[in-house]
Amino acid sequence: MATPSPSPVHPVPRRSAAPSPPAPPRGYPTAALDLLAKARAGLAEAVRLTRPNERYATAHLAALRTAAAVLAARGRPEPAGARRRPRIRSAWEVLPEIAPELTEWSALFASGADRRARAEAGIRDAATVRDADDLVRAVEMFLRLVERMLALQAPAPTLPQPRPEHPRPADADAG
């Protein structure tokens, strides 16, 4: 009996043991999907960076892009008949109005906006290693939450309604 030769197929290692979030449904605004992809890439970059200021600023930008994706997916345009131009508001101010379930996240990231500005300006010790690490972890959770939230909010499919010409007898269940 001949022994079988080794298989030419090699196992492919998996990238991650964590399940990927469900894909957003078709019909979602392209801008929202693009922003989520950029946020994911920005977060991956923040993880690779070694300087705390750069990590902090890059992670905060990923959070901002994530918030912008929610606004793109759920946002409502301003009323057209306004006489005065409304003041410019940050995404962190608008997000709780559009997605009240993200109010606490909005407050967390809004509180870090000044530190991000200092970090981007190159001010020494604007962010510590711990600040950057904490923010990277928070952004990772926020991004996953938003990806799941948007994926679960697919438009409900229209289910077929029972036809009136074939009513279901009331005593069919009693049998």
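The values are calculated or read from the model by the stated rules, or taken from the named source; none is laboratory data. No experiment lies behind these values; they were computed from the predicted model shown. Every residue, glycine as well, gets a Cβ built from its backbone with ideal geometry; the counts of neighbours run over all protein chains shown. To get the accessible areas, we keep the full protein, side chains included, count just its heavy atoms, and leave off ligands, DNA and RNA. Shrake-Rupley method; radii C 1.70, N 1.55, O 1.52, S 1.80 Å.
Observations, loosely collected:
Listed here are the residues, each with its yes/no results for (1) loosely packed, with under 10 Cβ neighbours inside 10 Å; (2) modelled with pLDDT of 95 or more; (3) touching a helix residue (DSSP H, G or I) at 6+ places or on another chain (Cβ under 7 Å).
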position	(1), (2), (3)
S106	no, yes, yes
D125	no, no, no
A132	no, yes, yes
V139	no, yes, yes
A151	no, no, no
Q161	yes, no, no
A170	yes, no, no
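- Taking region 108-123 as the range and being open to solvent by 70 Å² or more (accessible area, probe 1.4 Å) and either in a helix (DSSP H, G or I) or touching a His at 6+ places or on another chain (Cβ under 9 Å) (or both) as the test, the residues that pass are L108, S111, D114, R115, R118, E120.
- Residue in region 79-90 that is at pLDDT below 85, in a loop (DSSP other than H, G, I, E, B) and buried (at least 19 other Cβ atoms within 10 Å of the Cβ) present: no
- Region 34-56, residues that are closer than 15 Å to R144 by Cα and surrounded by fewer than 13 Cβ atoms within 10 Å (Cβ to Cβ): A37, A41, A44
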